[in-house]
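S.K.: Take this structure, written in structure tokens, and hold onto it; I'll ask about it next.
All of the numbers you see were taken from the coordinates with simple rules; none came from a lab. Please read these numbers as outputs of a predicted model, since none were measured by experiment. Counting neighbours? That spans all protein chains shown, and the Cβs are built from the backbone with ideal geometry, glycine included.
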Amino acid sequence: MTKIVPLTVEEHADLKIMPTADFSHLKDQHILPLVVHEFVSVSSDLPVVFVKVGENEQLVPMAMCGLKPGDNLVVGE
């Protein structure tokens, strides 16, 4: 069974979260879906656009990373 313990500097000083450095899986996507709390940070670097999606054409916020499908200008080769 899992034992929950509080984090302490003494016991957990070497504990780290490894950042994701490989975004190559996104290199062929020119728009990426966003959630509301990402708008401010994303909009300082990329245009935020709204795209009609699905049968009911619901507007979904997206970050625009390229001008044509399959061309992401943010994620390199």
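S.K.: Multiplying the sequence separation of A13 and S41 by 0.36 nm and subtracting their Cα-Cα distance, what value in nm do you get?
M.R.: Values: separation 28, 0.36 × 28 = 10.08 nm, distance 2.99 nm.
So the extension gain works out to 7.1 nm.
S.K.: Using the alpha-carbon centroid of each, what span in Å lies between the stretch 1-23 and the stretch 48-64?
M.R.: Cα centroid to Cα centroid, the span is 37 Å.
S.K.: To continue, here is another question. Taking K16 as the anchor, which lysines have their alpha carbon closer than 23 Å to its alpha carbon, excluding any fewer than eight residues away along the same chain?
M.R.: Within the straight-line limit of under 23 Å, K16 reaches these lysines: K3.
S.K.: Can you put E55, E11 in order of Cβ neighbours within 10 angstrom, beginning with the fewest? Each step should come with its number before you reach the end.
M.R.: Working: E55 5, E11 10.
If I rank by nearby Cβ atoms, fewest first, I get E55, E11.
S.K.: Dipole of the chain, Cα-centred, from +1 at each Lys and Arg C-beta and -1 at each Asp and Glu C-beta, to the nearest 20 debye?
M.R.: With Lys and Arg at +1 and Asp and Glu at -1, about 140 debye.
S.K.: Could you work out [θ]222 nm for the chain from helices alone, using -39500 (n - 2.57) per DSSP H run of at least four and dividing by all its residues? Round to the nearest 500 deg cm²/dmol. Let's see the in-between values first.
M.R.: Values: 2 runs with 9 residues, N = 77.
The per-residue figure over the chain is -2000 deg cm²/dmol.
S.K.: Hey, of [x] 16, 32, 21, 17, 14, 1; [y] 15, 32, 40, 13, 0; [z] 13, 30, 28, 19, 9, 2, 0, which did the structure itself give for P(r) over Cα pairs in 10 Å bins from 0, in percent when calculated?
M.R.: Evaluating P(r) over Cα pairs in 10 Å bins from 0, in percent on these atoms matches [x].
S.K.: Can you tell me the FRET efficiency between E55 and V75 if r is taken as the Cβ-Cβ distance and R0 is 35 Å, rounded to the nearest 0.05? Let's see the in-between values first.
M.R.: On the way: r = 30 Å, r/R0 = 0.86.
About 0.70, to the nearest 0.05.
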